[in-house]
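Structure record follows, encoded as structure tokens.
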Amino acid sequence: MSSTDLVDTKTWYDQTFGSCGSWDAWVWETVNGKDYSTRKPHFSGFIAVTERLDRSAAQIASLALQQEKVVLGFNQGTHLLHISSLRERPDEAGGWAVCGTPIGA
């Protein structure tokens, strides 16, 4: 049986942003970076816990999708989605919305 560790964005940011030096570098390291000692990727997939993403979360999800990594999310807080794309929200709330296929619905 294998185990999975979940790391929230704030914890990851606190641990790693200082050594990255910029948002773009941090996003790249989050998606593509590897552990120095094990050479395994930092993350094998990503989970968006809200339907609306801010800029950094959208950049991470977008790059992960480009790299063909698993990105999961929630639609209106109820259905687990396999995210396939993001769309910019033109409304006053702004940000990006996740688009995908419900899993097990």
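The values are calculated or read from the model by the stated rules, or taken from the named source; none is laboratory data. Computed from a predicted model, the values in this text were never measured in an experiment. Here the Cβ is made from the backbone with ideal geometry for all residues, glycine too, and neighbour counts use every protein chain on show.
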I'd like to know if region 81-99 contains one or more residues that are surrounded by fewer than 18 Cβ atoms within 10 Å (Cβ to Cβ), touching a Cys at 6+ places or on another chain (Cβ under 9 Å) and under 23 Å from THR4 (Cβ atoms).
yes
I'd like the full set of residues that are within 11 Å of ILE60 (Cα to Cα) and outside any helix (DSSP H, G or I), limited to region 10-45.
GLY45
Return the total of residues in region 26-44 being touching a helix residue (DSSP H, G or I) at 6+ places or on another chain (Cβ under 7 Å) and among the hydroxyl-bearing types (Ser, Thr, Tyr).
1
Residue that is modelled with the lowest pLDDT, among those in region 82-105 that are in contact with a Gly (Cβ under 6 Å, 6 or more places away or on another chain) and under 19 Å from VAL31 (Cβ atoms)
VAL98
Given the structure, is GLN66 exposed (fewer than 11 other Cβ atoms within 10 Å of the Cβ) and modelled with pLDDT of 95 or more?
yes
Please determine, by comparing only the residues of region 69-79 that are in a strand (DSSP E or B) and at pLDDT 90 or above, which one is surrounded by the fewest Cβ atoms within 10 Å (Cβ to Cβ).
VAL70
Every residue from region 80-99 that is farther than 12 Å from ALA61 by Cα and not charged (D, E, K, R)
LEU80, LEU81, PRO90, ALA93, GLY94, GLY95
Answer yes or no: is there a residue in region 15-27 that is in contact with a Cys (Cβ under 8 Å, 6 or more places away or on another chain) and over 28 Å from ILE103 (Cβ atoms).
yes
